[in-house]
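To start, the structure under review is shown below, and the notes come after it.
Since every read-out is calculated from the coordinates, none of them should be taken as a lab result. Remember, predicted model here, so these are calculated numbers, not experimental data. Quick reminder, even Gly has a Cβ in these numbers, built from the backbone with ideal geometry, and neighbours come from all protein chains shown.
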Amino acid sequence: MGRVVLDHVTKKFDEVVAVDDLSLEIEDREFLVLLGPSGCGKSTALRVIAGLEDPTSGTVTIGDRVVNDVEPKDRDIAMVFQSYALYPHMSVRKNIEFPLRTRHVEPADRQIAVNEAAVALGLVGLLNRKPAQLSGGQRQRVALARAIVRRPAVFLMDEPLSNLDAQLRIQTRAELIELQRNLQTTVVYVTHDQVEAMTMGHRIAIMNDGVLQQVGPPQSVYERPANLFVARFIGNPPMNTMEGRVVDREGVRAVEFEGGCLPLDPAHAAAAEASGAKSLVVGVRPEHLAFSDDGALHAVITVVESLGHERHLICRLTDGQMIIVRQGSDVPRPAEGTAVRLAADPMHLHVFDAVTERRIDPR
Amino acid sequence: MSTIDGGATLGETRSSAVVGVEEPKRPPRSRRRMREIGLAYLLLLPSLVIFGVFIFYPFLRNFYLGFYRTPPFPGLPMRYVGFDQYRDVLTSTDFLDSVKTTVLFMIMTVPAGIALGLGLAVLAHQRLKGIGVYRTIFSSTVATSVAVASVIFGTLFNPVVGLLPWLGVNPRPPILDNPQWALPAVALVTIWQTLGLTFILMSSGLQAIPDEIHEAARVDGAGAGTRFWKITIPLLSPTIFFAVVIGGIFAFQTFGQIDLLTQGGPLKKTNVLTYFVYRTLRTENNDGKAAVLAVALFTITMTLTLVQMRFLERRVHYGR
Ligand SMILES: Nc1ncnc2c1ncn2[C@@H]1O[C@H](COP(=O)(O)OP(=O)(O)O)[C@@H](O)[C@H]1O
Ligand SMILES: [Mg+2]
């Protein structure tokens, strides 16, 4: 019942193509995160699902109805806005009650539903306050309560945590996951924060410039990014990427680039050559680089960033390109200025066509 | 770790600077305060002088003038009567009728004007192509003066060359000479003339309501009507209230259109308070009575202003 299907949805604002031919199936009871940089069209996509924007072309299906011509109120959705969009002149109780009032729910039933929502979100003591008298976190909860009170089939959330401070954000993140699990509803959650996406989503849909880049479970998106954009966008610190060509090094196939070279797995090298790509980009995540006496990459550690539980070593290759190595804090801290040799496990290398930016998988 | 250290050091440096530099050098509090208060009055002095000469003195003088009865013939001395004249004038039928007329005028102009301005503002608030043209048209009467409006409508109402006879409607007596229709006609002119301002006021009020609140209401199941009555009107209420009070004050200061269209007639049916004051002073040459009327007018306008100020103060607390 809470299935949402976008079929070749495009939304243009005059010349700006905010959403470009987006096709996406969101399963019933799925927690799907729409992730992407600011301005990539996430909010617009969400608003198209909500019915607040009409798609320029394509269809939107919710449940088993095409809803292109259905008013937002009849789509069986609820939305949490980034600004929370609480009604400032109404008390918390009236705010939560509003979606029930507009649907002419009996006062007694309204009372029960409001109380349930208030209990679920810890708002019982605040029901008579006005939004102006609440903290940011409390307002956010009211917005959530107003969304869940009607038990819609689909929740749409547009960066609901972005106005909270870091601590509260982590806490609320976990609570949202729990809430979704308890309510068993579909959630479409928009964020630009990859940590939120990784931790909350059953699946992540990554967008850039209005175009869907990849959809998949967080771990698989992390492990097998479909293109360079996803590779660079997901992961913190980001994946190191170097552009080069496949060469033969003493019988071993390797990608050679300005600052050094990285040996490839034979199957990977074969696939890269078969792809016909003139130029390649090889990517390696910071945690997959390690010091090694016979490592193929020569580098100098320029900055050591200590995060407590781990370190980020900012190194420069011989051509000056920056490369980041992630290191546990259980090994001795290396000195800045040290020359090191780095090696990467070929199994953990990512190879992309430098022109199409698409991933090339080993065969 | 280094970042956290840096932050703490910075904070400490700043607070020690505050403690170390300012405290020993601070002069005794009372002396500094005295100096500041002195300076404040000095800076206020020019405006105090201007207000004193042009507002406070004339006001007190006018109030005082109300204690003197103007003689029936010029040349005779003014006679001191204390509050007698205040009592006589303020209980006279002429005065009470004039207040009634003014209140009636206010009732005719304010709600209708606001409803119309709000209606147009809601229409112009739609996100449609070419809506800017309508916005310009709706706000255009701001650029006209009362005199221009009066001349335009005076011509339209004219029984010979006006619009109505051209349309084949020619009431007898002509509208502006008709005791029943003169006041509504002047009210119509006033509504038209202030419509631009009301429209702009309501439009800015509407624009101050975040779009997301309307969108939330749409998702929450509110149709256009519910959104208007449950969201727009309550959130616009400060603006509406402001417009009501300002409209009330305007109504009590109406003069130009009365003078140009009806001169208070027919049968004093458009003899609003301001015009009454003017007639008493200019036609009857009764300075004392005019002074009393002016004080009454002032009191009413002042009350409206106070109500408005009280409310504006409250609105600050209401803000999100
Ligand atoms: N109402 C609108 N009118 C014109 N352009 C818009 C409108 N809404 C969004 N856009 C444009 O569409 C693009 C995507 O916007 P949006 O969906 O808000 O991005 P995101 O939520 O990913 O930051 C942006 O370039 C933005 O400027
Ligand atoms: Mg957005």
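Here are the numbers:
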| quantity | calculated |
| --- | --- |
| Under 14 Å, Cβ to Cβ, from residue A:339 - net charge with Lys/Arg +1 and Asp/Glu -1 | 0 |
| Shielding score for B:218-230, defined as the mean number of other chain Cβ atoms within 10 Å | 6 |
| Per residue convex hull volume, Cα atoms of the stretch A:238-353, in Å³ | 95 Å³ |
| Counted charge near residue A:45, where neighbours are those whose Cβ lies closer than 12 Å (Asp, Glu -1; Lys, Arg +1) | -1 |
| Percent of Cα-Cα distances greater than 40 Å, calculated over the protein assembly as shown | 58 percent |
| Spacing of the two label points (7 Å from each Cα toward its C-beta) at residue B:31 and residue A:38, in nm | 5.2 nm |
| Neighbouring partner chain Cβ atoms per residue of A:81-92, average, 10 Å criterion | 5 |
| Over the stretch B:155-201, relative contact order from alpha-carbon pairs under 8 Å, at least 6 apart, % | 20 percent |
| Net charge contributed by nearby residues that have their C-beta within less than 12 Å of residue A:348 (K/R +1, D/E -1) | -2 |
| Cβ-derived FRET efficiency at R0 60 Å, residue A:252 paired with residue B:241, nearest 0.05 | 0.15 |
| Highest-MSF residue in chain B out of B:138, B:54, B:105 [GNM, Cα springs under 10 Å] | B:54 |
| Mean Cβ count within 10 Å, highest first, over the residues of peptides B:257-265, B:59-67 | B:257-265, B:59-67 |
| The stretch A:1-53: GluC sites (Glu not before Pro) falling in loop per DSSP and having at most 12 other Cβ within 10 Å | A:15 |
| Contact order relative to length of chain A, as percent, for alpha carbon pairs under 8 angstrom and 6 or more apart | 15 percent |
| Loop-located trypsin sites (Lys or Arg not before Pro) in the stretch A:242-329, at most 11 other Cβ atoms within 10 Å (DSSP) | A:278 |
| Among B:82, B:225, B:132, residue whose mean-square fluctuation peaks in a GNM of chain B (springs only between Cα atoms under 10 Å) | B:225 |
| Tilt relative to chain B, helix B:93-124 - C-alpha long axis, 0 to 90 degrees, to 10 | 50 degrees |
| Cα-based shape type of chain A, given that a ≥ b ≥ c are square roots of the gyration tensor eigenvalues and the cut on a/c is 1.5 | prolate |
| Shielding score for A:96-105, defined as the mean number of other chain Cβ atoms within 10 Å | 3 |
| Among A:143, A:117, A:270: highest mean-square fluctuation, GNM of chain A, C-alpha pairs under 10 Å | A:270 |
| Alpha-carbon gyration tensor eigenvalues x 5, square-rooted, for the stretch B:93-315, Å | 36, 24, 13 |
| By average C-beta atoms within 10 angstrom, highest first, the peptides A:40-51, B:153-164 | A:40-51, B:153-164 |
| Cross-link pairs beyond the 26 Å C-alpha cut-off, checked among A:42/A:94; A:130/B:230; A:11/A:278; A:73/B:230 | A:42/A:94; A:11/A:278 |
| FRET efficiency, residue A:274 to residue A:21 (Cβ-Cβ, R0 30 Å, nearest 0.05) | 0.55 |
| Nearby aspartates and glutamates by direct alpha-carbon distance to residue B:289 (threshold 13 angstrom, same-chain neighbours under 8 apart not counted) | B:84, B:88, B:94 |
| Nearest-ten-degree value, helix A:136-148 long axis tilted from longest Cα axis of chain A | 70 degrees |
| The stretch A:96-226: relative contact order in percent, alpha carbon pairs under 8 Å with at least 6 residues between | 18 percent |
